[in-house]
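K.L.:
I have a structure here, written as structure tokens, and I will follow up with some questions on it.
What follows is calculated from the coordinates using simple rules that are stated; it is not laboratory data. What you see is a predicted model, and the numbers here were worked out from it, not measured in a lab. Using ideal geometry, Cβ is built from the backbone for each residue, glycine included, and neighbour counts are taken over all protein chains shown.
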RNA sequence: GGAGGCUUCGCCUAGUUGGUCUAUGGCGCCGCACUGCUAAUGCGGUUGGGGUUUACGCCCCUCGCGGGUUCGAAUCCCGCAGCCUCCGCCA
């Protein structure tokens, strides 16, 4: 289904086709099951029989074995057809998700006031270079376009930010995780990133492993093929990882500075819960993101992302966008998605319902802090002399420093 | 990279001359009984998944994973993965 069709909420008849394939799958299973039962009984008789009787039973068994083989092939085929169609479908869109594409988001609220400056504010690259906090030139020299070094105070600022995020996550009951950043194909596919966004993902051909663009991928895979016990409430994780993105198709976009890069660090929240709890967990994740933004004192707005811009796995998505003085616009800092049961179905992560039957769980994710935040922090807290005021919440993580001064 | 060993139902474990293995025993867990608490003891239950059923239940699959041989595979053959040991190499 194309994004435009999702945006319009059209029923393309795929549901009917899916139900039809499911019916075919079930009848194939039933047929194979009963043939296997017959074969089992016959095998028992052969074991006890002798002489002529045994010979005739053996012939029967041979014939039956062929039938079983055929029925099993049919079952496999039916199951594959079902899975294939299911794999091609994006998640169902939440009824409250705005219709439309990239520009059809709904602004839910504004928080904070964009700072005012005498004259033009410097952008994060100028500020960062003067602080000797980052070098994109050397990043390009060593690794190519969209790579950078965080140097000295820049590296410290990043660790401070991420540590603040970790501290908040931990306080809120999220278990800290440092996950692998290389994952198997089925995990990457299970999270929905090999659909529309396949070209965004780095693939190591020699090993058939994918570099994750977010720790969401690894964390989603953590409980794959498991039945999780949600009786005591949702599982809440916070993953710290480096993220890798090819940024294919974004040539010429955000080439200056470190807004859009191939490699960055992120603290990501990830939740497994019962589908009934997904919406309230989503609100929780959004609240946690807003709390982080407040701590680093950034003006931002919250948008409800429109259906056509949801990606494959999200049912609903809220982005927090911070104000960037150099661009006089809001740019994405966080994104939280309710993936309902989409990822869990593919990764086979289930929980037991009230009757004790395994059902697909719901998964949600949300950004708590990323390297990109440095952009907003530098720009919003810059002072006329090129120094940058350190938000109070970050100071304990920077040895108490209140301001970052330009070098030399 | 090379050689060898291992992988059984939550944990430990029996089982490899192919056929009542419909997988043994212990621990743990659940229920009941007994004991005025706890504990101990006794009896019973307990792999997981899927299909079907109003329900009771019935059926199939599941011995790391995937193939193969066979009427029939935990057991035989092939491939793969993971873990362990030794050797080699290495930031």
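K.L.:
Taking other Cβ within 10 Å of each residue's Cβ, how do A:397, A:251 sort, fewest first?
P.N.:
A:251, A:397
K.L.:
Compute the acute angle (0 to 90°) between the alpha-carbon long axis of helix A:14-48 and the principal axis of greatest extent of the alpha-carbon atoms of chain A; round to the nearest 10°.
P.N.:
Rounded to the nearest ten degrees, it is 40.
K.L.:
While we're on this one: Treat the count of other C-beta atoms within 10 Å as a stand-in for reagent exposure and order A:222, A:210, A:300 from fewest to most.
P.N.:
In increasing order of surrounding Cβ atoms, one gets A:222, A:210, A:300.
K.L.:
Using a basic spin-label model with each label point 7 Å from the Cα along Cα→Cβ, how many nm lie between residue A:254 and residue A:19?
P.N.:
4.2 nm
K.L.:
Sticking with the crude label model, points 7 Å out along Cα→Cβ, report the distance from residue A:205 to residue A:405 in nm, one decimal please.
P.N.:
Distance between label points: 5.3 nm.
K.L.:
Distance in nm between label sites at residue A:26 and residue A:69, each 7 Å beyond Cα in the beta-carbon direction?
P.N.:
3.1 nm
K.L.:
Report, in whole Å, the centroid distance computed from the Cα atoms of region A:261-277 and region A:285-342.
P.N.:
What the calculation gives is 12 Å, centre to centre.
K.L.:
Quick check: the angle from helix A:278-295's long axis to the longest principal axis of chain A, C-alpha only, nearest 10 degrees?
P.N.:
On a 0 to 90 degree scale, this one is about 20.
K.L.:
Which value in deg cm²/dmol, rounded to the nearest 500, describes the helix-derived mean residue ellipticity at 222 nm for chain A, given -39,500 (n - 2.57) per DSSP H run of n ≥ 4 and division by the residue count?
P.N.:
-12500 deg cm²/dmol
K.L.:
Relative to the longest principal Cα axis of chain A, at what angle does helix A:51-87 sit, 0 to 90 degrees, rounded to 10?
P.N.:
Helix A:51-87 sits at roughly 30 degrees to that axis.
K.L.:
Could you tell me whether chain A comes out rounded, prolate or oblate from its Cα gyration tensor? Rule is a ≥ b ≥ c as square roots of the eigenvalues, rounded for a/c under 1.5, then prolate if a/b exceeds b/c, otherwise oblate.
P.N.:
Prolate, since a/c reaches 1.5 and a/b exceeds b/c.
K.L.:
Next question. Could you tell me the calculated FRET efficiency between residue A:182 and residue A:52, based on Cβ-Cβ distance and R0 = 56 angstrom, to the nearest 0.05?
P.N.:
Computed FRET efficiency for residue A:182 and residue A:52 comes out at 0.35.
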